[in-house]
Amino acid sequence: MKKVKDILNRKGNNTIGVPAQTLVFDALKLMADKNIGSVVVWDEHQLYIGLLTERDYARKVILMGKHSEATTVAEIMSTGLPHITPETSIESCMHIMSDNNIRYLPVFDATDKLCGIVSINDVIYETIHDQKETIEQLHSYIQSA
């Protein structure tokens, strides 16, 4: 069964982060430049405290009448997200994301240090890739029988 570590091995575990006091506008520019849908939010010691997602911006800035140039990421970031580890199964990730209606999961190692972010797109890609491998193996088995 595929695990989160398979995703991290494929895509890498680099995370893009911003300090909590960064303006939302600047974080959005960074996300656009990097073509990503979320950034890690760090405290003053560069420790994970949350995630800022495009959904946070849409729901907590635009719909609330705030301004991205006057709001910090700390004011709107997502906190309290479920934590997963590299050993968490892809299937478990799908259930966690579906049950919590979220698109991103922070990945923590045994020392509770952030070691990556997994998106719903990562989970879908890995699931499709795994299914293709299974289909190819079945085709090979059938052809050799």
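The values are calculated or read from the model by the stated rules, or taken from the named source; none is laboratory data. Everything numeric in this text was worked out from a predicted model, so none of it was measured. We place every Cβ from the backbone using ideal geometry, glycine too, and count neighbours over all the protein chains shown. The accessibility values were calculated without ligands, DNA or RNA, using every heavy atom of the protein model including side chains. Shrake-Rupley method; radii C 1.70, N 1.55, O 1.52, S 1.80 Å.
Below are the figures for this structure:
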item	result
Phi to ³J(HN,Hα) by Karplus 6.51 cos²θ - 1.76 cosθ + 1.60 over region 73-86, Hz, x for Gly, Pro	5, 4, 6, 10, 5, 8, 10, x, 5, x, 9, 10, 10, x
Portion, in percent, of the accessible area of region 1-103 that falls on carbon or sulfur, probe 1.4 Å	49
Segment Asp33-Ile135, extension gain: residue separation times 0.36 nm, minus the distance between their alpha carbons	33.0 nm
Dipole of region 3-93, positive end: most advanced residue of Trp42, Ser89, Gln21 [Cβ charges, Cα centre]	Ser89
Probe 1.4 Å, accessible area per residue of region 79-145, Å²	65
Size of electric dipole in region 28-144: Cβ of Lys, Arg +1 and of Asp, Glu -1, about Cα centre, debye, nearest 20	480
Under 5 Å, built H, 5+ apart or other chain: amide partners of Cys115	Val107, Phe108, Asp109
Per-residue ³J(HN,Hα) for region 103-118, Karplus 6.51 cos²θ - 1.76 cosθ + 1.60, θ = phi - 60°, Hz, x for Gly and Pro	10, 9, 10, x, 10, 10, 7, 5, 8, 6, 9, 4, 10, x, 10, 10
Segment Glu69-Ser144, extension gain: residue separation times 0.36 nm, minus the distance between their alpha carbons	20.7 nm
Most to least packed among 65-76, 18-29 [average Cβ atoms within 10 Å]	18-29, 65-76
Probe 1.4 Å, protein heavy atoms only - accessible area per residue of region 1-61 in square angstrom	58
Other-chain or far-sequence residues with amide H under 5 Å of His83's (modelled H)	none
Contact order relative to length of region 37-145, as percent, for alpha carbon pairs under 8 angstrom and 6 or more apart	17
Count of Lys pairs (Cα-Cα under 25 Å; at least 8 positions apart or interchain) in the chain	18
Length gained when the stretch Asp109-Asp26 is fully extended (0.36 nm per residue, less Cα-Cα span)	27.0 nm
